[in-house]
Amino acid sequence: MQTLYWFTRDLRLHDNAALLAASRSGTLLCVYVVDPRWFTPFRWSRRPMGEHRWRFLWQSLMALERNLRPLGQRLHIAFGAPEQVIPELAASHGIEQVIRSRQPGTEEADQWASIQAALPDVLCREFETLGLLTEGTLPMALADLPATFSRFRKQVEAAGAQHSDILRIRTLSALPPPPGFARDNRGDCPPIVEPQHATPFTGGESAGLDRLQHFTFGIHGIERYKETRNALDDWDASSKFSPWLANGCVSAREVAETIREYEQVHTRNESTYWLWFELLWRDYFHWYALKHGADLFHRDGPQRQHRPSEFDAERFADWCGGNTVYPLVNAAMNQLRETGYISNRARQLVASCYVNELGLDWRYGAAWFEQQLIDYDVASNYGNWQYLAGVGADPRGLRRFNLDKQAAQYDPDGEYVACWANTAGDA
Ligand SMILES: Cc1cc2nc3c(=O)[nH]c(=O)nc-3n(C[C@H](O)[C@H](O)[C@H](O)COP(=O)(O)OP(=O)(O)OC[C@H]3O[C@@H](n4cnc5c(N)ncnc54)[C@H](O)[C@@H]3O)c2cc1C
């Protein structure tokens with residue numbers, strides 16, 4: 001069988017059920033498609049792929065290519081629309097099968113449908129590689145996914161999924177040869193912009209696995225994670241796994257198994273449990289996005305909870321540029337713009353300010369995050385924004401943080417604000 005493997009958010013060789021299926025082919029064409037629409041205005045955004053995100057993704061692609069080479073493979077990086085590129089490559093290489101990872105998001109689903117329609121004689125298969133669970137190991141039908149995380153978690157834990165169903169797949173050490181080496185047009189991709197602030201994040205499978213080992217067996221950050229995770233700006237207070245998870249450089253199951261190994265070798269406490277708990281949040285939003293489809297982007301959410309909001313260009317630009325009247329929010333927005341990452345606490349604060357104090361339509365805020373975050377993940381981003389805007393999976397409705405109290409609690413000496421105060425910019 002001649003197979004085309006379309007890498008998407010699964011840029012790794014370990015625990016990759018989709019690539020494992022593709023490895024049982026006669027020849028294998030490994031493809032990644034960089035879509036020009038990522039760099040042009042779309043929906044509520046000036047462009048979905050900002051420079052930090054793009055740099056991290058590109059590093060991840062280069063790392064994947066380095067890992068594929070010893071297996072006799074290479075990565076064909078195409079700059080074009082996937083619904084054109086994939087059928088063209090399939091036709092020119094006599095492809096009989098196309099494989100990719102299953103993913104949430106309406107554009108992703110539409111593209112897959114177009115590709116299938118364009119390739120009626122080609123077998124198109126998707127495998128689940130993005131989360132901890134698969135649809136088959138979910139303890140409920142997708143249509144019956146609970147409306148809240150808490151009920152989801154209880155059902156998952158009651159089904160014993162933490163221990164029995166989550167097993168990683170071995171790292172691939174052999175792949176079939178490519179059908180030939182055609183030149184790709186990766187040179188047409190936008191240039192990479194080096195950051196003005198040095199960032200500790202480097203894309204790629206090895207860097208991600210290194211961070212996983214470092215945070216667990218290295219510095220034992222996992223043992224006190226529950227107490228430290230809410231810090232505003234401390235590299236080792238939380239795992240920082242998210243950019244690698246979002247790009248699939250590290251699999252969620254690999255993280256879950258590492259937690260389990262750590263618990264067996266060292267200790268099992270509330271903090272080790274909490275890291276699993278947070279990973280499960282990620283899974284919940286994954287299934288939430290798959291269940292609700294286009295409603296993930298609906299202003300009023302799946303339950304059509306209307307909350308008054310508007311789009312005001314000036315207020316929006318002030319928020320993006322770190323020019324509001326709230327120093328803590330400005331600091332976080334500056335950090336986001338300068339580095340492509342802010343902590344979970346900072347995300348909650350700036351989103352709460354955006355929705356409650358500035359009265360803006362949450363979808364534009366989510367689109368700004370989409371552009372800026374190196375860990376952007378369609379399900380986690382839009383799911384969390386809906387949650388905070390009171391139109392998502394939160395039984396308590398709108399969340400409003402008292403920004404003065406938060407500053408006193410999380411930045412009592414004003415260090416964070418001072419660190420990120422003087423970099424206000426433009427949206
Ligand atoms: C408005 C808003 C937008 C967000 N957008 C994204 C996004 O685009 N991509 C993204 O990965 N996370 C998003 N999050 C969730 C969370 O802020 C980040 O996952 C976390 O800050 C990443 O840092 P960490 O890896 O150190 O997290 P840790 O605290 O170490 O958590 C470990 C892992 O658990 C998962 N996780 C933790 N909290 C959440 C959560 N609330 N929702 C989903 N998964 C979670 C992540 O995969 C994370 O890497 C968003 C949160 C908010 C409030």
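Counting other beta carbons within 10 Å of each residue's own, what order do 370, 126 fall into, fewest first?
126, 370
Take a quick pass over the chain and tell me how many lysine pairs come in under 27 angstrom between Cα atoms, counting only ones 8 or more apart or on separate chains.
Lysine pairs, 8 or more places apart or on different chains, close enough: 6.
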* To do: Taking the Cα centre of the range 298-423 as origin, work out the dipole magnitude from +1 charges on Lys and Arg Cβ and -1 charges on Asp and Glu Cβ, in debye rounded to 20.
  => 460
* Have a look at the range 277-427 and give its Rg and Dmax from the Cα atoms, expressed in angstrom. => 14.9, 44
* Structure fact -> In order over the range 176-186: 3J(HN,Hα) from phi, Karplus 6.51/-1.76/1.60, θ = phi - 60°, whole Hz, x for each Gly or Pro, gives x, x, x, x, x, 10, 7, 5, 9, 10, 4
* To do: Tabulate in residue order the Karplus-calculated ³J(HN,Hα) for the range 33-43, using 6.51 cos²θ - 1.76 cosθ + 1.60 with θ = phi - 60°, rounded to whole Hz; enter x for Gly and Pro.
  => 10, 8, 8, x, 5, 5, 10, 10, x, 8, 6
* Just in the range 348-427: which trypsin sites (Lys or Arg not before Pro) are loop by DSSP and have at most 16 other Cβ atoms within 10 Å? -> 396, 399, 400
* Quick one: net charge around residue 351, please, counting Lys, Arg +1 and Asp, Glu -1 for every other residue with C-beta under 14 Å from its C-beta. => +2
* Structure fact -> Expected max-MSF residue from 75, 398, 130 in the GNM of the chain (alpha carbon, under 10 Å) is 398
* **³J(HN,Hα), Karplus 6.51/-1.76/1.60, whole Hz, each residue of the range 81-95, x for Gly, Pro** => 7, x, 5, 9, 4, 5, x, 5, 5, 4, 5, 6, 10, x, 6
* Cα lying deepest toward the dipole's positive end in the chain, options 204, 402, 70, charges on Cβ -> 70
* Most to least packed among 209-221, 237-249 [average Cβ atoms within 10 Å] -> 237-249, 209-221
* Asked: To the nearest 20 debye, what charge dipole does the range 139-212 have about its Cα centre, counting +1 at the Cβ of each Lys and Arg and -1 at the Cβ of each Asp and Glu?
  -> 220
* **Radius, Kirkwood style, for the chain when every pair of distinct Cα atoms is counted (Å)** => 22.4
* Structure fact -> Counting sequence-distant residues (5 or more places) and residues on other chains, those with an amide H built under 5 Å from that of residue 127 are 100, 101, 102
* Reciprocal mean inverse distance between Cα atoms of the range 162-239 - Kirkwood radius, Å -> 17.2
* Asked: Can you give the convex hull volume of the alpha carbon atoms of the range 1-129 per residue, in Å³?
  -> 103
* Structure fact -> Projecting the Cα atoms of 138, 301, 59 onto the charge dipole of the chain, where Lys and Arg contribute +1 and Asp and Glu -1 at Cβ, the residue farthest towards the positive end is 138
* **Relative contact order, percent, the chain [alpha-carbon distance under 8 Å, six or more residues apart]** => 20
* Asked: About its Cα centre, how strong a charge dipole does the chain have in debye, to the nearest 20, once Lys and Arg get +1 and Asp and Glu get -1 at the Cβ?
  -> 480
* Could you rank the peptides 251-257, 17-23 by their average count of other C-beta atoms within 10 Å per residue, with the highest value first? => 251-257, 17-23
* Can you give me the P(r) profile for the range 315-392? Cα pairs, bins 5 angstrom wide beginning at 0, each as a whole percent. => 3, 17, 32, 29, 15, 3, 0
* **Cα centroid separation - the range 342-420 against the range 181-215, whole Å** => 26
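We did not get these values from a lab; they are worked out from the coordinates using the rules stated. Predicted model, so just to flag it, every value in this text is computed and none were measured. Please note: Cβ atoms are built from the backbone with ideal geometry, for glycine as well, and neighbour counts cover all protein chains shown.
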